[in-house]
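Trainee: Submitted below is the structure of interest, expressed as structure tokens.
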Amino acid sequence: MPNIKIFSGSSHQDLSQKITDRLGLELGKVVTKKFSNQETCVEIGESVRGEDVYIVQSGCGEINDSLMELLIMINACKIASASRVTAVIPCFPYARQDKKDKSRAPISAKLIANMLSIAGADHIITMDLHASQIQGFFDIPVDNLYAEPAVLKWIRENISEWKNCTIVSPDAGGAKRVTSIADHLNVDFALIHKERKKANEVDRMVLVGDVKDRVAILVDDMADTCGTICHAADKLLSAGATRVYAILTHGIFSGPAIARINGACFEAVVVTNTIPQEDKMKHCSKIQVIDISMILAEAIRRTHNGESVSYLFSHVPL
């Protein structure tokens, strides 16, 4: 493809390499480093004048450093006369801070949207936003892709009893996601109502739906400390489920997450590679990874060619 450059930030270079390999391109030259006072320095190593530039940087690891690096890269390309700069952010940072749920609480996701726009981004490509209203925080185009096609493919290929399964949402907010997957598979769905005492701590869970003598597949957009999905797995097993799987788009797995997964009743915890999982997999044999580089690569190709990306919401050549 002519007049296109893809650069990778330091947060997930393996995914960036997979994307460029699928597009038959090479990653652009960029050097990122830190000065002794911890300021981030970025040097774009090739001309981007008149080019359609894509910068791949996921919101993971040292999130604030990754975010600052992305902003500087966007600005560096913009003032170097790139024709368009698209930020490809597989896991959007601060996405859980999307509303003012108490007095004096910030809407940090809106702040991130403003920062990306001011840095010079012309377009955002991301995946499975925690809340779809985040798209409305931007005054530039945002393509929110879904991991659903890859999830459906994994279920059909790896769960032999998938026709006798129930797709379960661990909270009411994910009901739309699980009903879509359940409709595609022509199976039942259920959800778990949870009450929290405070952030990352669940007080009580109530199962709405039937999982007795069925395979239960928990589906969510992200898991952080994994307290919710591990409690949900126990609830499903006590309700009569024969086996329990968890499928997540963004596996953050911070704090006690790995220990909790190892001690839980999951057959497998399946995540996409929007966040690097190599280190986590060394300490937890239950974690399996779905590669979503094809979805992101196809989104980049279609955007570059001026084609519709909405086709990817339900179809992608995996």
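Trainee: Select from the stretch 106-136 the residues that are open to solvent by 20 Å² or more (accessible area, probe 1.4 Å), at pLDDT 95 or above and closer than 25 Å to HIS304 by Cβ and list them in ascending order.
Mentor: Across the stretch 106-136, the qualifying residues are MET115, SER117, ILE118, ASP122.
Trainee: What number of residues within the stretch 81-105 satisfy the criterion of being of a type in the set (S, T, N, Q) and at pLDDT below 95? Walk me through it before giving the result.
Mentor: First pass over the stretch 81-105, keeping only residues of a type in the set (S, T, N, Q): 81, 83, 86, 97, 103.
Still in the list and also at pLDDT below 95: 97, 103.
Residues flagged as of a type in the set (S, T, N, Q) and at pLDDT below 95 within the stretch 81-105 amount to 2.
Trainee: Output the residue which, of all residues in the stretch 259-268 that are assigned to a helix (DSSP H, G or I) and within 29 Å of ASN164 (Cβ to Cβ), is most open to solvent (accessible area, probe 1.4 Å). Write out each step before concluding.
Mentor: Start the filter on the stretch 259-268 by keeping residues that are assigned to a helix (DSSP H, G or I), which leaves 259-263.
Checking the rest, the ones that are also within 29 Å of ASN164 (Cβ to Cβ) come to 260-263.
Details: ARG260: 93, ILE261: 0, ASN262: 74, GLY263: 72 Å².
So, considering only residues that are assigned to a helix (DSSP H, G or I) and within 29 Å of ASN164 (Cβ to Cβ), the one most open to solvent (accessible area, probe 1.4 Å) is ARG260.
Trainee: Hey, does the stretch 56-71 have a residue that's open to solvent by less than 10 Å² (accessible area, probe 1.4 Å), closer than 15 Å to ASP122 by Cα and under 19 Å from the mean Cα position of the chain (by Cα)?
Mentor: yes
Trainee: Looking at THR242, THR166 in this structure, which one is touching a Lys or Arg at 6+ places or on another chain (Cβ under 7 Å), open to solvent by less than 10 Å² (accessible area, probe 1.4 Å) and not hydrophobic (A, V, I, L, M, F, W, C)? Write out each step before concluding.
Mentor: Numbers: THR242 fails: open to solvent by less than 10 Å² (accessible area, probe 1.4 Å).
Answer to the check: THR166.
Trainee: Could I ask something else about it? If you go through the stretch 18-46, how many residues are outside any strand (DSSP E or B) and open to solvent by less than 80 Å² (accessible area, probe 1.4 Å)? Steps first, answer last, please.
Mentor: Our first condition is that a residue be outside any strand (DSSP E or B); within the stretch 18-46, this holds for 18-26, 28-29, 35-39, 45-46.
Now narrow it down to the ones that are open to solvent by less than 80 Å² (accessible area, probe 1.4 Å): 18-20, 23-25, 28, 45-46.
Qualifying residue count for the region: 9.
Trainee: A follow-up question, please. crowded, with 19+ Cβ neighbours inside 10 Å, touching a strand residue (DSSP E or B) at 6+ places or on another chain (Cβ under 7 Å), of a type in the set (S, T, N, Q) and not in a helix (DSSP H, G or I): does that describe THR86? It would help to see each step written out before you state the result.
Mentor: Values: crowded, with 19+ Cβ neighbours inside 10 Å: yes; touching a strand residue (DSSP E or B) at 6+ places or on another chain (Cβ under 7 Å): yes; of a type in the set (S, T, N, Q): yes; not in a helix (DSSP H, G or I): yes.
So THR86 passes the test.
Trainee: A follow-up question, please. Would you check if there is a residue in the stretch 111-122 being farther than 24 Å from ASP52 by Cα and touching a helix residue (DSSP H, G or I) at 6+ places or on another chain (Cβ under 8 Å)? Quick ask: steps written out before the conclusion?
Mentor: In the first step, residues of the stretch 111-122 are kept if they are farther than 24 Å from ASP52 by Cα; the result is 111.
Those still in the list that are touching a helix residue (DSSP H, G or I) at 6+ places or on another chain (Cβ under 8 Å) too: none.
No, the conditions are met nowhere in the stretch 111-122.
Trainee: Sticking with this structure for a sec: I'd like the residue in the stretch 1-17 that is in a helix (DSSP H, G or I) and in contact (Cβ under 8 Å) with a residue 24 or more places away in the chain and, out of all such residues, is most open to solvent (accessible area, probe 1.4 Å). Give the steps one after another, and end with the answer.
Mentor: Here is the first cut: in the stretch 1-17, the ones in a helix (DSSP H, G or I) are 13-17.
Now restrict to residues that are in contact (Cβ under 8 Å) with a residue 24 or more places away in the chain: 14-16.
Details: ASP14: 68, LEU15: 1, SER16: 0 Å².
The extreme case among them is ASP14.
Trainee: Give me a count of the residues in the stretch 217-235 that are crowded, with 20+ Cβ neighbours inside 10 Å, touching a Pro at 6+ places or on another chain (Cβ under 8 Å) and among the β-branched types (Val, Ile, Thr).
Mentor: The total comes to 2.
Trainee: A follow-up question, please. Given the criteria outside any helix (DSSP H, G or I), touching a helix residue (DSSP H, G or I) at 6+ places or on another chain (Cβ under 7 Å) and either open to solvent by less than 40 Å² (accessible area, probe 1.4 Å) or modelled with pLDDT under 95 (or both), does VAL271 qualify? Steps first, please.
Mentor: Working: outside any helix (DSSP H, G or I): yes; touching a helix residue (DSSP H, G or I) at 6+ places or on another chain (Cβ under 7 Å): no; either open to solvent by less than 40 Å² (accessible area, probe 1.4 Å) or modelled with pLDDT under 95 (or both): yes.
Taking the combined requirement at face value, the residue does not satisfy it.
Trainee: Okay, moving on. Taking into account only those residues within the stretch 209-258 that are outside any loop (DSSP other than H, G, I, E, B) and among the acidic types (Asp, Glu), which is nearest to the chain's Cα centre (by Cα)?
Mentor: Here is the first cut: in the stretch 209-258, the ones outside any loop (DSSP other than H, G, I, E, B) are 215-223, 227-238, 243-251, 257-258.
Among the residues that remain, those that are also among the acidic types (Asp, Glu) are: 220-221, 234.
Working: ASP220: 10, ASP221: 7, ASP234: 25 Å.
Once the filter is applied, the top-ranked residue is ASP221.
Trainee: Cβ contacts < 8 Å: first residue within 26 Å of ILE300 (Cβ to Cβ), restricted to the stretch 36-51; second residue modelled with pLDDT under 95 and part of a loop (DSSP other than H, G, I, E, B), any location; separation 6+ or different chain. Result?
Mentor: GLY50/ASN3; GLU51/ASN3
The values are calculated or read from the model by the stated rules, or taken from the named source; none is laboratory data. Being a predicted model, the structure only gives us computed values, none of them experimental. Here the Cβ is made from the backbone with ideal geometry for all residues, glycine too, and neighbour counts use every protein chain on show. These area figures cover heavy atoms from the full protein model, side chains too; ligands, DNA and RNA do not enter into them. Shrake-Rupley method; radii C 1.70, N 1.55, O 1.52, S 1.80 Å.
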